[in-house]
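Below is a structure I'd like to ask you about.
Derivation of every value follows stated rules applied to the coordinates shown; laboratory data play no part. Just so it is clear, the model here is predicted, and its values are computed rather than measured.
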Amino acid sequence: MSRSPSSSLPTRAPRRPHRYGEVCVLLDPDEAVVWLHGDIDLGVQRELDAAVTDLFRADLPVLIDLSKITFCDSTAVHFLAHLLQAGLSVRVHDPTGRLSWLLEQVLAPEPLLVSVRTSQPCPKR
């Protein structure tokens, strides 16, 4: 039995490359460090929420290191906002400028943009 030339084979949508993100939190005696790696999007939302809880309980100044991110969306903005709303002192190391660009797009206040661009503590609410 042969297939007729007019019949089509089922096709699959092209596979997107697997996206991967990671959240690592280190609680030192003087400062909490959060390393974000890879794609920071809804795929790591649970890890970010858990980090907010841990950081709030630790009540330490927070450094967020974004030097190893490959992508970020509003999930990263929400993470930063939750930390600031919790009253934590937050510094952001954003050498790629990805978060800074995103904050510009959502019309974040200028003092917040300046602090992210310069790795200075973000203004508290």
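On a full-extension model of 0.36 nm per residue, what is the gain between T118 and S67, subtracting their alpha-carbon distance, rounded to one decimal in nm?
Taking T118 through S67 to full extension adds about 17.0 nm, to one decimal.
Ok, one more. Show the residues, 5+ positions off or on another chain, whose built amide H is closer than 5 Å to the amide H of K68.
Those qualifying (amide H under 5 Å, at least 5 residues apart or on another chain) are L36.
Still on this structure, please answer the following. From the phi of every residue in the range 36-45, what ³J(HN,Hα) in whole Hz does the Karplus formula 6.51 cos²θ - 1.76 cosθ + 1.60 yield, where θ is phi - 60° and glycine or proline is x?
10, 10, x, 8, 9, 8, 4, x, 10, 4
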